[in-house]
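Structure in structure tokens, see below.
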Amino acid sequence: MAASKKLIAGNWKMNMLAADGIALARAIAAQGDIPTCDLLVCPPATILRAVAEAAGGSSVAVGGQDCHEAESGAFTGDVSAAMVRDAGASHVILGHSERRHGLGESDARVCAKAVAAHAAGLTAIVCIGETEAERDAGKTLDVLSGQLAGSLPDAGVDGATTVIAYEPVWAIGTGRTPTLDEVAVAHGHIRATLAVAMGDTAADIGLLYGGSMKPGNAADLLAVPDVDGGLIGGASLDAESFLAIAAAAG
Ligand code: 13P
């Protein structure tokens with residue numbers, strides 16, 4: 001395992017206005033000092049600072065959901081890595097499947113964003129994962145290798161700067177998950193692929209599982225070898241279910 005503590009991260013996606021986000025962050029922060037795991041919440045950019053302030057003084061960290069690869073400039077609607085950092089984030093999710101598949105974000109773009117995130121002092125949570133068609137065609141491990149090779153910068157990747165989230169696209173928001181064996185195979189493959197690329201450093205990189213993680217399946221998923229935490233969507237929007245998943249990390 002990469003770290004002694006699991007990382008339980010909530011991806012709020014495009015949910016939460018300020019009042020609800022602040023209340024959720026406060027509720028998590030109030031209960032959130034859990035010895036067996038680190039907690040991270042990733043609100044939308046509009047409330048990043050408000051949520052960071054609400055969680056301030058607690059052990060709950062805050063992350064963005066994306067950043068642009070450029071330092072600044074004429075990129076209407078985008079936010080830079082430094083802006084995400086300036087708003088109080090320590091992490092940023094990059095290459096989520098909803099951006100890769102919904103918005104055509106390529107491995108090369110994700111890689112450029114990871115470089116920018118590292119330069120701004122953010123830990124990049126780089127998401128990878130196969131579609132259902134790719135799994136059915138027996139291509140899962142090749143897809144993961146390809147996304148790792150294309151999405152990770154050549155330098156500066158280590159346990160402090162980078163986390164990998166394995167999120168099978170077909171498991172996101174569907175209530176379906178891979179079997180525990182399938183998760184073990186995928187995570188073992190990711191770890192081995194990283195080891196070929198960067199040697200011993202690979203052991204320090206946290207590998208999160210994401211895709212329909214809930215209080216009822218979290219303990220089993222989080223006990224799979226090489227699963228160092230979870231990236232949770234729907235179940236992270238409620239303090240009780242998010243904290244129940246965190247409790248299952250023990
Ligand atoms: P769900 O937990 O809603 O399936 O979403 C997972 C996800 O996409 C986290 O980034």
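What ranking do LEU207, LEU48 get, fewest neighbouring Cβ atoms within 10 angstrom at the top?
Values: LEU207 23, LEU48 26.
By the 10 Å Cβ count, ascending: LEU207, LEU48.
OK, next. Enumerate the amide H contacts of ASP38 below 5 Å, restricted to partners 5 or more residues apart or on another chain; note that Pro and chain-start residues carry no placed amide H.
For ASP38, the qualifying residues are LYS6, LEU7, ILE8.
Averaging sequence separations of C-alpha pairs under 8 Å and six or more residues apart, then dividing by the length of region 30-134, give the relative contact order as a whole percent. Mind dumping the intermediate values first?
Values: 170 pairs, mean separation 25.9, N = 105.
Normalised by residue count, the contact order of region 30-134 is 25 percent.
Expressed as a rounded percentage, what relative contact order does the chain have, with Cα pairs under 8 Å and six or more residues apart? Provide the component values of the computation, followed by the final result.
Numbers: 533 pairs, mean separation 54.8, N = 250.
Across the chain, relative contact order equals 22 percent.
In whole Hz, what ³J(HN,Hα) sequence does region 173-188 give by Karplus (6.51, -1.76, 1.60; θ = phi - 60°), x for Gly and Pro?
Ordered by residue, 3J(HN,Hα) equals x, 10, x, 9, 9, x, 5, 4, 5, 5, 5, 4, 5, 5, 5, x Hz.
If the chain between VAL185 and ALA119 were fully stretched, how many nm would it gain, using 0.36 nm times the residue separation less the Cα-Cα distance?
Details: separation 66, 0.36 × 66 = 23.76 nm, distance 3.23 nm.
Extra length available between VAL185 and ALA119 comes to 20.5 nm.
In addition: Could you pull out every residue, at least 5 positions away or on a different chain, whose amide H is within less than 5 Å of the one on ILE232? Hs are placed 1.01 Å off N in the peptide plane, and Pro or chain starts have none.
Hits under the 5 Å cutoff: ALA9, GLY10, ASN11.
Would you work out the relative contact order for region 44-95, in percent, from Cα pairs under 8 angstrom that are 6 or more residues apart? Don't jump to the answer; show the numbers that get you there.
Working: 69 pairs, mean separation 22.3, N = 52.
Value for region 44-95: 43 percent.
Eigenvalues of the Cα gyration tensor times 5, then square-rooted: what semi-axes does that give for region 1-77, in whole angstrom, largest first? Let's see the in-between values first.
Working: eigenvalues 117, 58, 19 Å².
Whole-Å semi-axes of the equivalent ellipsoid: 24, 17, 10.
Within 12 Å, Cβ to Cβ, of GLU69, how many net charges do the neighbouring residues add up to if Lys/Arg are +1 and Asp/Glu are -1? Walk me through the intermediate numbers first.
Details: positive: ARG109, LYS113; negative: ASP66, GLU71, ASP78, GLU105.
Cβ neighbours under 12 Å give a net charge of -2.
In sequence order, what are the phi-derived ³J(HN,Hα) couplings for region 132-138 according to the Karplus relation 6.51 cos²θ - 1.76 cosθ + 1.60 with θ = phi - 60°, rounded to whole Hz, with x for glycine and proline?
Running phi through 6.51 cos²θ - 1.76 cosθ + 1.60 with θ = phi - 60° gives 5, 5, 5, 5, 4, 7, x Hz.
Let me ask something else. With θ set to phi - 60°, apply the Karplus curve 6.51 cos²θ - 1.76 cosθ + 1.60 along region 207-214 and write out the HN-Hα couplings as whole Hz, x wherever there is a Gly or Pro.
These are the phi-based 3J(HN,Hα) values: 10, 9, 9, x, x, 6, 6, 9 Hz.
Also: Net charge near VAL115, counting Lys/Arg +1 and Asp/Glu -1 over other residues with Cβ under 15 Å of its Cβ? List each step's numbers first, then the result.
On the way: positive: ARG85, ARG109, LYS113; negative: ASP66, GLU69, GLU71, GLU105, ASP107, ASP154, ASP158.
Net local charge, VAL115 excluded: -4.
Across the Cα atoms of region 1-144, what radius of gyration and what greatest pairwise Cα-Cα distance (Dmax) are found, in Å?
For region 1-144, the Cα-based Rg and Dmax read 16.0, 48 Å.
While we're here: Can you give me the Rg/Rh ratio for the chain, using Cα atoms for both radii and the Kirkwood formula for Rh? Don't skip to the end; give the middle numbers.
Working: Rg = 16.5 Å, Rh = 17.7 Å.
Reported Rg/Rh (Cα atoms, Kirkwood Rh): 0.93.
Write down Rg/Rh for region 164-250, rounded to two decimals, with Rg from the C-alpha atoms and Rh from the Kirkwood relation over Cα pairs.
Numbers: Rg = 12.9 Å, Rh = 13.1 Å.
Reported Rg/Rh, Kirkwood definition of Rh: 0.99.
Throughout, read-outs are computed from the coordinates displayed, never taken from laboratory work. All values reported here derive from a predicted model rather than from experimental measurement. As a convention, Cβ positions derive from the backbone with ideal geometry for all residues, glycine included, and neighbour counts pool all protein chains shown.
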